[in-house]
Amino acid sequence: MSAGGGGVGTPKALPSSGPKSLRDMPHPLAASSSEEAGAELTPSPDLLLPRSIADKDLSLPNGTPVDTSSPASSSSLLNRLQLDDDLDGETRDLFVTVDDPKKHVCTMETYITYSVTTKTTRAEFDLPEYSVRRRYQDFDWLRNKLEESQPTHLIPPLPEKFVVKGVVDRFSEEFVETRRKALDKFLKRIADHPVLSFNEHFNVFLTAKDLNAYKKQGMALLSKMGESVKYVTGGYKLRSRPIEFTAIGDYLDTFALKLGTIDRIAQRIIKEEVEYLVELREYGPVYSTWGALEVELAEPLEGVSACIGNCCTALEELSEDMTEDFLPVLREYILYAESMKNVLKKRDQVQAEYEAKLEVVALKREERPKMPTDVEKCQDRVECFNADLKADLERWQNNKRQDFRQLLMGMADKNIQYYEKCLMAWESIVPLLQDKPETK
């Protein structure tokens, strides 16, 4: 709980200060696993080709073997199982913490930086511990890089960058603390991921003292390589999305809709609680001033005034908890659903490209058509998307169940505490009200 009144108190000011390359990992479904993974694809029946073609080693006319593995994919099923076991046990080897926000006032801008502390025993890191400072746009850079380099994976969402001016003070202690918690959770989710945590950009984010120099270097490289480094699969129309992925899409739509409704209602409740608190703060003192005029009723009237004041404090704490703990989780998972839907769209685009290329091959009407390399690579990418998306969805569902159980348990506990405090406050003045008639 941050100091102050949360969403209802006066915001507090922050302390102010003055002016390895990516590993090539084999595709998990290549070679011996190709037949099993192929069963997950659902192109139209008229586009199916003999599986014997895919079972053979492809080579160019000059005899050079062709590499049919997909572009840098890190979803090795064996590695995933081993790393998941590590993360669930005592062998977790990467710990990241975001804390110590500081306000920086410069000539051109004012911004907040956060301390990012990393402790690890991984061989990919030169030191066992790092401490760097990062601002929001650095976190945003990291997420964009993860989306570019790991297009088949679900990237955790960041808290929204923009706030409504005049409504939320983005430099208030309460707002900065809420954002710090969200950024901390963002990095912890990446650190706990068996694939994303090994990403080169994540390593650089955690260790580089001068991240801006690395950003500029990356932009220069991108400008040289152009579109070839991007994951471009547009221009194709998907014939039919597999049933299991259609179900996932429908679930995400409904899930986001329900959470959005809860979020809107919860914000209205908080608004009404804030307005109610204003009334209570005016209501309680009236009994106290009245007691000054009524000698015989002074004690019970003072008791009522104090009781209302205690109830006011309890409601303020409840509203603060809802603002700082409940709403951020709802918004994170609304953004999570959008991220998952974006990965689904990418998967659909790759499958649409695969179906289109497969159709071209089928129309050649050769007795034993040779599967072109680009078609096999496209098929491999679809299989990679399917495997990674399913694994990330399962991990997301597990996290969601745990997070919402904890959230709802916390909400129940806070409400119980609120009503217990109000009950105790009102019960405390009952003896005062009962004693007065006996003194007459």
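The values are calculated or read from the model by the stated rules, or taken from the named source; none is laboratory data. Please read these numbers as outputs of a predicted model, since none were measured by experiment. For neighbour counting, all protein chains shown are included, and Cβ atoms are generated from backbone atoms with ideal geometry for every residue, glycine included. In case anyone asks, the SASA skips ligands and DNA or RNA and just uses the protein heavy atoms, side chains included. Shrake-Rupley method; radii C 1.70, N 1.55, O 1.52, S 1.80 Å.
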**Item:** Total residues in segment 76-102, condition modelled with pLDDT under 90 and in contact with a strand residue (DSSP E or B) (Cβ under 8 Å, 6 or more places away or on another chain)
**Value:** 1
**Message:** Tell me whether segment 364-379 contains one or more residues that are in the same structural domain as Leu280 (by TED's automatic domain parsing), open to solvent by 30 Å² or more (accessible area, probe 1.4 Å) and among the hydrophobic types (A, V, I, L, M, F, W, C).
**Reply:** no
**Item:** Which listed residue, of Asn203, Asn212, is of a type outside the set (D, E, K, R), out of contact with any Phe, Trp or Tyr (no Cβ under 8 Å at 6 or more places or on another chain) and in a helix (DSSP H, G or I)
**Value:** Asn212
**Neighbours by Cβ (under 9 Å, 6+ apart or cross-chain): first from segment 418-429, under 14 Å from Asp321 (Cβ atoms); second open to solvent by less than 70 Å² (accessible area, probe 1.4 Å) and small (Gly, Ala, Ser)** = Tyr418/Ala314; Tyr419/Ala314; Lys421/Ala314
**Complete:** Thr121 meets each of (1) closer than 26 Å to Val350 by Cα; (2) open to solvent by 40 Å² or more (accessible area, probe 1.4 Å); (3) of a type in the set (Val, Ile, Thr) with one exception, condition (1)
**Item:** Selected residue [in a strand (DSSP E or B) and open to solvent by 10 Å² or more (accessible area, probe 1.4 Å)] from Tyr114, Tyr130
**Value:** Tyr130
**Item:** Residues of segment 285-332 satisfying the condition of being in contact with a Lys or Arg (Cβ under 7 Å, 6 or more places away or on another chain) and closer than 16 Å to Trp426 by Cα
**Value:** Pro300, Asn310, Cys312, Ala314
**Request:** Identify all residues within segment 173-195 that are more than 17 Å from Asp325 (Cβ to Cβ) and out of contact with any Leu (no Cβ under 6 Å at 6 or more places or on another chain); write none if there are none.
**Result:** Leu187, Arg189, His193, Val195
**Request:** Name the one entry in Gly260, Gly249, Gly309 that is under 30 Å from Val375 (Cβ atoms) and either open to solvent by 20 Å² or more (accessible area, probe 1.4 Å) or not acidic (Asp, Glu) (or both).
**Result:** Gly249
